[in-house]
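Here's the structure we're looking at; comments come further down.
The values are calculated or read from the model by the stated rules, or taken from the named source; none is laboratory data. What you are looking at is a predicted structure, and each value in this text was computed from that prediction instead of being measured. Backbone-built Cβ (ideal geometry, glycine too); neighbour counts: all protein chains shown.
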Amino acid sequence: MHEFFDDDFPPGERIPRNLDVTLRAAPGPFGEVVRMTVNGLPVGDPLTDNARSETGYRWHDTLHLAHAVCLGWSPVLRSLAGLKRRSDALADHVEDGGRAIVADESIAWAVFCNARKRGWYEQQSPAPALLEYVHEMTYALEASVRRPEEWAHAISTGIRCLRAVWLHGGGALCGDLETRSLIFAGPVTSSGVLPCARAAGPTSAGSGSR
């Protein structure tokens, strides 16, 4: 990836090039509830599995994070973190608007369901048919320029991080958009200090919801 979709936008409308993320779980009336912070700020609504039995989908924000880090694209993360490109009315309407958000969410659910049936990609890569479907879902959006191998990397990265935080009941993730890497840094410590603590650009002060 040679450039970011938001390079020409003000800092408050760019996905931060470094992301320090925490995901924490707590008991709730319908199972575990997961809360996320990005660069120290709470982002989005608490998530549950929204299912009668445990599925693990409460951790699926890792998939949107992987889209953001590996592809420079996640309308969902932009909406949740207050990073919509409002200085450009057309970009805000098309690339960060409702259809783009639906595409991002649909891709995450399709990937989750596909990975669940294929051993969470531990022994195989995402299938070409899935990559073709994902590409079709980005029709007429900026992410349609991303190549199949870029999507395969994003998908594998997101599922790997999802499985890690699910296994550990939460944790810290470190994202670097320049290197397209999102890694599980370990469980969040009792003091709340991230294992990957470093200087990182803040998100917008705003937070959104689903």
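Summary of values
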| item | result |
| --- | --- |
| Verdict on Leu90 being over 17 Å from Gly171 (Cβ atoms), without any contact (Cβ under 8 Å) to a residue 12 or more places away in the chain and either part of a strand (DSSP E or B) or out of contact with any Cys (no Cβ under 8 Å at 6 or more places or on another chain) (or both) | yes |
| Residue within the range 100-108 that is surrounded by fewer than 16 Cβ atoms within 10 Å (Cβ to Cβ) and within 17 Å of the chain's Cα centre (by Cα) present | yes |
| Residue in the range 67-77 that is assigned to a loop (DSSP other than H, G, I, E, B), in contact with an Asp or Glu (Cβ under 7 Å, 6 or more places away or on another chain), buried (at least 21 other Cβ atoms within 10 Å of the Cβ) and not β-branched (Val, Ile, Thr) present | yes |
| Total residues in the range 34-66, condition within 12 Å of the chain's Cα centre (by Cα), of a type in the set (A, V, I, L, M, F, W, C) and not in a helix (DSSP H, G or I) | 3 |
| Sole exception among (1) under 14 Å from Cys70 (Cβ atoms); (2) out of contact with any strand residue (DSSP E or B) (no Cβ under 8 Å at 6 or more places or on another chain); (3) in contact (Cβ under 8 Å) with a residue 24 or more places away in the chain for Arg147, by number | (3) |
| Among the residues listed as Ser144, Ser156, the single one being surrounded by 17 or more Cβ atoms within 10 Å (Cβ to Cβ), hydroxyl-bearing (Ser, Thr, Tyr) and part of a helix (DSSP H, G or I) | Ser156 |
| Selected residue (criterion: surrounded by the most Cβ atoms within 10 Å (Cβ to Cβ)) from residues of the range 1-22 that are part of a loop (DSSP other than H, G, I, E, B) and of a type in the set (Asp, Glu) | Asp6 |
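Residues are listed down the side, and each one gets a yes or a no for (1) of a type in the set (Ser, Thr, Tyr); (2) at pLDDT 95 or above:
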position: Ser106; (1), (2): yes, yes
position: Pro128; (1), (2): no, yes
position: Ser181; (1), (2): yes, yes
position: Ser190; (1), (2): yes, no
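This table checks each residue for (1) touching a residue at least 24 places away in the same chain (Cβ under 8 Å); (2) buried (at least 24 other Cβ atoms within 10 Å of the Cβ).
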| position | (1), (2) |
| --- | --- |
| Leu41 | yes, no |
| Arg52 | no, no |
| His64 | yes, yes |
| Leu80 | yes, yes |
| Arg86 | yes, no |
| Glu95 | yes, no |
| Gly98 | no, no |
| Trp120 | yes, no |
